[in-house]
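Visitor: Once you've had a glance at the structure underneath, I'll fire off some questions.
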Amino acid sequence: MKIAVIGAGYVGLVTGAGLASTGNKVTCVDIDEEKINLLADGQVPIHEPRLEQLVRYGLAKQNLSFSTDLGRAIRSSKIIFVTVGTPAQVDGRQDLSTVDTVCEQIAGAANGPKTLVMKSTVLPGTARKIGEKLQTSRHKIAYVSNPEFLKEGSAIDDFLKPDRVVIGSEDQDAIEEIETLYKPFLRREENILVMDSASAEMTKYAANAMLATRISFMNEMAAICEKVGADVEKVRRGIGTDRRIGNGHLFPGVGYGGSCFPKDVSAILYLAELLDCPAGVLRATQHTNDGQPNRFVERIKKHFGDKGGGSVLGVWGLAFKRDTDDIRESPAMKTVKLLTKNGFSIKAYDPEATENAERELDTMRVMLCRDPYGAVTDVEALVILTDWPEFSNPDFNRLSTLMQKRVIFDGRNLYEPKTMAQRGFLYCCIGRPTADPST
Ligand code: UDX
């Protein structure tokens, strides 16, 4: 099948390389010429495990190509995936201008019947509006809403072995066409969920809003655990084994971030308010999440007391989660900014996100380090903000020697408090009793 993927960002690249891996002829298009040249050369400008490998495989098999020529890609393809960004505006509204422009271009350039597959996250109701625009084309353009559920850091696996694929359309031929594309990735056909386009659009928001809500809920439970001396890790396991609840996305921490949850919660909240629908749960989810970095910083401030300002802290992790260089809406970055605002100086290390972080941080107060041990040398405490695997088993003896004081604030609950006390560390994490070696 000949396919065009418009927008060679994170979702577009994974989709393009994934579809090329099953023998489709895929052209990924972007307006950024520099990026396209890099990609054509097999270099992927974002950190996503196995993506570069898959892109190179597609290029070598001549199933994947990159171009800036949108018109040509549209003309030579039957199926066109739209994977451009839909950023949030200040009031939470979605900026659909790029989606609109691309759809108009598809309508204008079509030289025969096409299927437009919307993978960009768009609010329910968008399919109907775009469908009207597509009517202006001289050729039939069927519309399919096909939301993505890729997680950064495991996007290739999520694409090649999805839990489910949602296909939302009112056009039966288009539904069958897209089902055929996805069948090689799904062992069980019942995991292809066909529905109307508005329900497909809504499924994406409901999924992200539910996952975000679970995280905020657990962060609230964690705060109560801290006060009553309970251990949220035990509570998490205690509830996660209930099959009705399940154990995914129940890890408390410094809050959720990234390019999806914060933006999607804002957008659905905006829509709910516009439509005069109740949205108290979502508002609370957002409110709890917004306050999470600050609550963590308050605990650090309390430890240092009045003499806090001026202390030097080591920070591990700046990315919004492990296995990515993405710092968008990163709770780690928010925490670092709050710490510097409160007078702390920081030595920070992240395995992949340093370059992105450097552009946003006050380098007068934040020194970016090349290795994790450089970031803890002579610091008064270590603050862990991202759950990178390389932070799971550090050399604690080396930490003890390098750090001025053996104090760790762990915003990701990476270690066992009891063991940390035995190692001689004062260890404060989220929703678990603080481990103090002196008691
Ligand atoms: C999310 C959805 O999971 C994915 O299906 C959708 O397509 C895009 O948005 P992503 O943003 O890549 O994916 O990351 P995810 O793993 O869901 O984590 C989002 C944020 O929540 C991160 O900051 C992460 O650290 C945090 N998180 C996640 C928690 O705090 N606790 C958890 O239990 C899980």
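The values are calculated or read from the model by the stated rules, or taken from the named source; none is laboratory data. Since this is a predicted model, take the numbers as computed values, not measurements. Cβ placement follows ideal geometry from the backbone for every residue including glycine, while neighbour counts extend to all protein chains displayed. For the accessible areas, the whole protein counts, side chains as well, though only heavy atoms, and no ligand, DNA or RNA atoms are used. Shrake-Rupley method; radii C 1.70, N 1.55, O 1.52, S 1.80 Å.
Visitor: From the cross-link list K307/K418; K301/K405; K151/K301; K302/K347; K35/K347; K227/K347, which pairs have alpha carbons spaced over 24 Å apart?
Guide: K307/K418; K151/K301; K35/K347; K227/K347
Visitor: Would you calculate, for the chain, the mean residue ellipticity at 222 nm contributed by helices, counting each DSSP H stretch of 4 or more residues as -39,500 (n - 2.57) and dividing by all residues, to the nearest 500?
Guide: Per the formula, -13000 deg cm²/dmol.
Visitor: Going from the alpha-carbon gyration tensor of the stretch 135-252, what semi-axes, largest first and in whole Å, does one get by taking the root of 5 times each eigenvalue?
Guide: Listed largest to smallest, the semi-axes of the stretch 135-252 are 38, 16, 11 Å.
Visitor: For the chain, place one equal point scatterer on every Cα, skip the solvent, and apply the Debye formula. What is log10 of I(q)/I(0) at q = 0.09, 0.14 Å⁻¹?
Guide: These q points yield log10 I(q)/I(0) values of -0.64, -1.28.
Visitor: Starting with the highest mean, order 250-261, 331-342 by the number of other Cβ atoms within 10 Å, averaged over the residues of each peptide.
Guide: My ranking of the peptides, most packed first, is 250-261, 331-342.
Visitor: Take each complete run of DSSP H in the chain, measure how far its Cα atoms stretch along the helix's own axis, and keep only those covering 24 Å or more with mean Kyte-Doolittle hydropathy at least 0.0; list them.
Guide: Sorted by number, the helices that extend far enough and score high enough are 197-228.
Visitor: Check L368: other-chain or 5+ apart residues with amide H under 5 Å from its amide H, H built from backbone geometry?
Guide: Residues meeting the amide H criterion: A348.
Visitor: Ok, one more. Cross-link partners among lysines for K25, C-alpha distance below 18 Å, same-chain residues fewer than 8 apart left out?
Guide: K2, K61, K78, K114, K183
Visitor: Oh, and also: What does the C-alpha gyration tensor say about the overall shape of the stretch 196-439? Classify as rounded when a/c is under 1.5, otherwise prolate if a/b is larger than b/c, or oblate.
Guide: prolate
Visitor: Can you pull out the trypsin sites (Lys or Arg not before Pro) in the stretch 174-208 that DSSP calls coil and that have at most 12 other Cβ atoms within 10 Å?
Guide: R187, R188
Visitor: Extent of the stretch 310-405 along each principal axis, from alpha carbon coordinates, in Å, largest to smallest?
Guide: 34, 30, 18
Visitor: Send over a whole-number figure in Å² for the accessible area per residue of the stretch 2-195, probe 1.4 Å.
Guide: I get 45 Å² per residue for this part.
Visitor: Follow-up. Post the alpha-carbon centroid distance, the stretch 368-439 to the stretch 49-74, in whole angstrom.
Guide: 43 Å
Visitor: I've got another one for you. Only Lys, Arg, Asp and Glu count, each charged at its Cβ (+1, +1, -1, -1), so figure out the dipole size of the chain about its Cα centre, rounded to 20 debye.
Guide: 700 debye
Visitor: Where the accessible area of the stretch 150-244 is counted over protein heavy atoms with a 1.4 Å probe, how much of it, in %, is carbon and sulfur?
Guide: C and S fraction of accessible area: 53 percent.
Visitor: When the distances between all Cα atoms of the stretch 392-439 are binned every 10 Å from zero, what whole-number percent does each bin get?
Guide: Final binned percentages: 28, 61, 11.
Visitor: OK, next. For T386, what accessible surface area do you get with a 1.4 Å probe? Give it in Å², rounded to 10.
Guide: For T386, solvent-accessible area is about 0 Å².
Visitor: Show me the GluC sites (Glu not before Pro) within the stretch 135-216 that DSSP assigns to loop and that have at most 16 other Cβ atoms within 10 Å of their Cβ.
Guide: In loop regions of the stretch 135-216 (DSSP not H, G, I, E or B), the sparsely surrounded GluC sites (Glu not before Pro) are E170.
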